[in-house]
Amino acid sequence: MIDIAAISEKLGLFSEQSRLNTLADFNNMAIYDNPVVAIAAADDPLFDELNKPDVVSSIHMTPKEWLPGAKSVISYFLPFSEPIRKSNTLTGDYPSIEWTYGRYEGEAFNNAVRKYLADYLISLGAKAVVPALDPRYKVILYTSAWSERHIAYIAGLGTFNLSKSLITEKGCAGRFGSVITDLEIAPTVRPYSSLYEYCSNCNACIARCPVDAIDPSGKDHPPCHKFQDEMLEKYKPRYGCGKCQTGVPCEYSIP
């Protein structure tokens, strides 16, 4: 029977061995450290909350809508490597070049991880769906049909902070991914009970935001996305920001 340890080992080896997880333009710098993995039961009642407009969106789909007969959702966090994080801490209001590579080439690797995990599950005779790569996946304004951060919260990977990043045991600077399967895998016990439990309300991310999109009440998405669009024009085809995820107490761990 497959378990979280086997999945973690598989994804760890893939991360260490895949050339997609390196940046040739920066002397083969690693994009990500090894992933952190958690499992949610597909029938967890929290999934039914995500399609409420005041939670994620009315277009958000449950695991069983993506895959009839779904039993488990595997969620993982890919922490950015220290050189990429450090580069973005040292620069001013604009993201570092390394960070934009991590965001762009890094998401290509994240998609490779998603596909690798799904193919592995299928090789075991299971069914698997990757929502982020599925034709049914869509994004409308600032919401999507599958929110990786909310899935990670349900799976037990971490809780939100003021900047709406998710704080994991390896911090908040990184990317999330997930796969739905009809294999029954023992779910992770969530070590928290509220959305913002890991956030210390230190307000460090407020000062780090170059467009003042964060205040003590949370994050205003439009100015953040406008800045990301400007960065796309500046660094095309790459983009990013990540200032609120670096140079803050929750960058590497739970504060």
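Every number here is computed from the coordinates shown, using simple stated rules; none is lab data. What you are looking at is a predicted structure, and each value in this text was computed from that prediction instead of being measured. Because the Cβ atoms are built from the backbone with ideal geometry, glycine has one as well, and the counts that use them run over all protein chains shown.
Odds and ends about this structure:
- Principal axes of the stretch 117-192: Cα extent on each, largest first, Å: 41, 32, 17
- Convex hull projection area averaged over all views, the stretch 1-103, Cα basis, nm²: 9.3 nm²
- Full-stretch length increase - Asp212, Ala108 - with 0.36 nm per residue and alpha-carbon distance subtracted: 34.5 nm
- Sorted into 10 angstrom bins from 0, the C-alpha pair distances of the stretch 4-245 split as 7, 31, 38, 21, 3 percent.
- With contacts taken as Cα pairs under 8 Å and at least 6 residues apart, the chain reaches a relative contact order of 24 percent.
- Neighbour net charge for Ala41 - beta-carbon separation under 9 angstrom, K R +1, D E -1: -2
- Extension gain, Asp54 to Lys127: 0.36 nm times the residue separation minus the Cα-Cα distance gives 23.1 nm.
- Of all lysines in the structure, the ones whose alpha carbon falls short of 26 Å from that of Lys52, not counting any fewer than 8 places away in one chain, are Lys64, Lys71, Lys138, Lys164, Lys219, Lys226.
- Karplus (6.51, -1.76, 1.60) ³J(HN,Hα), θ = phi - 60°, over the stretch 162-171, in Hz, Gly and Pro reported as x: 4, 7, 6, 6, 10, 8, 10, 5, 9, x
- The stretch between Met1 and Gln17, if pulled fully straight at 0.36 nm per residue, gains 3.3 nm over its current Cα-Cα span.
- Within a Gaussian network of the chain (alpha carbon springs, distance under 10 Å), most fluctuating of Glu65, Glu105, Glu82: Glu65
- Charged-residue dipole, Cβ positions (Lys, Arg, Asp, Glu), the chain about Cα centre, Debye nearest 20: 340 debye
- Taken over the stretch 159-255, the ratio of Cα radius of gyration to 2.2 N^0.38 Å equals 1.23.
- Exposed-loop-free span, longest in the chain, where trypsin sites (Lys or Arg not before Pro) count as exposed if DSSP calls them loop and at most 13 other C-beta atoms lie within 10 Å: 1-135
- Near-label residues of the stretch 152-179 by backbone N, under 18 Å of a point 7 Å along Cα→Cβ of Ser194: 153-154, 158-168
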